[in-house]
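Since the structure comes first, as structure tokens, the remarks are kept for the end.
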Amino acid sequence: MTNRFVKFAAAVAPAALLLAVGATPANAKVLLMGDGGWEVSFDGSVNGFAVWSNDEPPVTNTVVSGVSEGHSGGIIDTGVDTRHSFRVRTGLLPAVWGMNVKAPTTGGLDMAARIGIYPNISDNNKNSFGSTVNSQLDLREIFFTVDGSWGQALVGKTLSQFLGKNILTDMTLFGVGGVGLVKQAGGTTLGRIGTGYVYPQFNARLQYTTPDMSGFKVSVGAYDPSDIKGGSSGNIVAKETSTPKFEGEASYAGSIAGANVLGWISGMDQNANFVTGCGLAAGCTGDVTSWGFAGGVQVGVPVGPGTLTLMGSGYTGEGLGLDFQQDALLEAGGIDNLGNARRDDGFIGQIQYGFGQGTTIGGSYGESSQDETSNDTTRRLAHTNVEIERQSLWDAMVSHDINPNLKLVAEYGRENVRWHDGQDVGGDIYSVGAFFFW
């Protein structure tokens, strides 16, 4: 990955400044105006992929909960034939139009703001006049920062700290990754969402980050809390939130014994109460706590003409869910039909080699799993409902930077979903695509 792509990732999500360890970011923004210390700039990208997928149907004599399809949820296709799908769609990263303003340094303070608009070309098999919400504008980033010798204050919405670097160090960030079994829906693809990490989300917060301390940084934030949803189909909701959600991260980026090293740990904690009308379960009372810890290490070492990069990351927690944490509309939520939190875990192992001429190859494996609660077990044994136990993805990718603005990507992935009764379903994904950056 070239320095320009590192800087672009940093622009769309500030935590990505360390996306490629040891790289020196280049100036990827287009300066519109600079006058009296004020600067106005923009940056962005557009990408598109041709995606072929072949999905194997599950055994039909079982009761199962839904499998995530793109970003919109769905149910298992219980037909007798393998399902084939071709789409032209956006990858894991949507398109980006970022607008940035920087004020002149005043009283030792550097002040800046960003608004990022994130549309995509995917539209759930609809033509332009039958468009759905999937292709509409997504205002993921609206924030300002104040920097001084004491550190940085951030106010607004951008990528969350908990699991943020887990997704930003995943090579499928610039690819397709998973597409969701069995039908590819609208929105972006999944990358490793649900197969190595739970999506961090872009959340509003008040956040403080310390100054750089010889490569070490610590940040903490008080966040706008989320509903905590679950049940068999997202119908159980804890929505009374009297305290903030808290997130934090500690990270290190530097050189150790000639190797470029990035390491991080992050955490999240939130409580929510059930209220009248919380769902279908009579026993849905009291409150529930959603919490998690995540971390990882990425090491890049010179090997021959290029760089070998190894990365491992993982997470654990309760009440997170398998795909889109806490307030997801999908099945496989973080709480059961009685409002009890389910245990969640996941990890990624990844290896990449950059040849030094713009070409990088890589391979990775990751999975996410969710334990049954006692109520889930009772429902499974009664043949009422079976929850997902594990989702996994093998992925191989080759990319080539034709120039600092144009990137080509080819990728193969193998998805698998397994339920707590032993049933499973798999699928193969083949994709080719390109990014244009400015």
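The values are calculated or read from the model by the stated rules, or taken from the named source; none is laboratory data. What you are looking at is a predicted structure, and each value in this text was computed from that prediction instead of being measured. Virtual Cβ from ideal backbone geometry, glycine too; neighbours counted across all protein chains shown.
Observations on the model:
- Flag if LYS183 is in a loop (DSSP other than H, G, I, E, B), within 30 Å of ARG418 (Cα to Cα) and at pLDDT below 95: yes
- Filtering the range 395-419 to residues that are more than 17 Å from PHE436 (Cα to Cα) and in contact with a Lys or Arg (Cβ under 6 Å, 6 or more places away or on another chain) leaves only ARG418.
- Selection status of GLY422, at positive phi and not aliphatic (A, V, I, L, M): yes
- Test for VAL146: is it among the β-branched types (Val, Ile, Thr), part of a strand (DSSP E or B) and touching a Leu at 6+ places or on another chain (Cβ under 6 Å): yes
- Index of the failed condition, PHE246 passing every other in (1) at pLDDT 90 or above; (2) assigned to a loop (DSSP other than H, G, I, E, B); (3) under 23 Å from the mean Cα position of the chain (by Cα): (2)
- Test result for VAL386, in contact with a Ser or Thr (Cβ under 8 Å, 6 or more places away or on another chain), within 17 Å of ARG343 (Cα to Cα) and aliphatic (A, V, I, L, M): yes
- Whichever residue in the range 84-126 is under 26 Å from GLY175 (Cβ atoms) and surrounded by fewer than 16 Cβ atoms within 10 Å (Cβ to Cβ) and, among such residues, is modelled with the highest pLDDT: VAL88
- You will find that of ILE335, ILE361, ILE348, the residue that is under 24 Å from GLY312 (Cα atoms), in contact (Cβ under 8 Å) with a residue 24 or more places away in the chain, buried (at least 22 other Cβ atoms within 10 Å of the Cβ) and of a type outside the set (Lys, Arg) is ILE348 and no other.
- Selected residue [among the small types (Gly, Ala, Ser) and modelled with pLDDT of 95 or more] from GLY339, GLY362: GLY362
- For SER368, the conditions (1) crowded, with 18+ Cβ neighbours inside 10 Å; (2) farther than 18 Å from GLU415 by Cβ; (3) in contact with a strand residue (DSSP E or B) (Cβ under 7 Å, 6 or more places away or on another chain) are fulfilled apart from (2).
- The range 187-240 holds strands (runs of 3 or more DSSP E) entirely within its bounds, and those carrying 2 or more residues that are touching a residue at least 60 places away in the same chain (Cβ under 8 Å), crowded, with 20+ Cβ neighbours inside 10 Å and in contact with a Cys (Cβ under 9 Å, 6 or more places away or on another chain) map to 236-238.
- Members of the range 275-332 found to be at pLDDT below 95 and among the polar types (S, T, N, Q), listed by number: THR276, THR285, THR289, SER290, GLN325, GLN326
- A Cβ distance below 6 Å, combined with a sequence gap of six or more or placement on separate chains, defines the contacts here; from the range 245-264, residues that are in contact (Cβ under 8 Å) with a residue 12 or more places away in the chain reach residues that are basic (Lys, Arg) in the pairs SER251/LYS217; TRP264/LYS165.
- Residues located in the range 371-393, provided they are surrounded by fewer than 17 Cβ atoms within 10 Å (Cβ to Cβ) and either part of a loop (DSSP other than H, G, I, E, B) or of a type in the set (Ser, Thr, Tyr) (or both): ASP371, SER374, THR377, THR378, ALA382, HIS383, THR384
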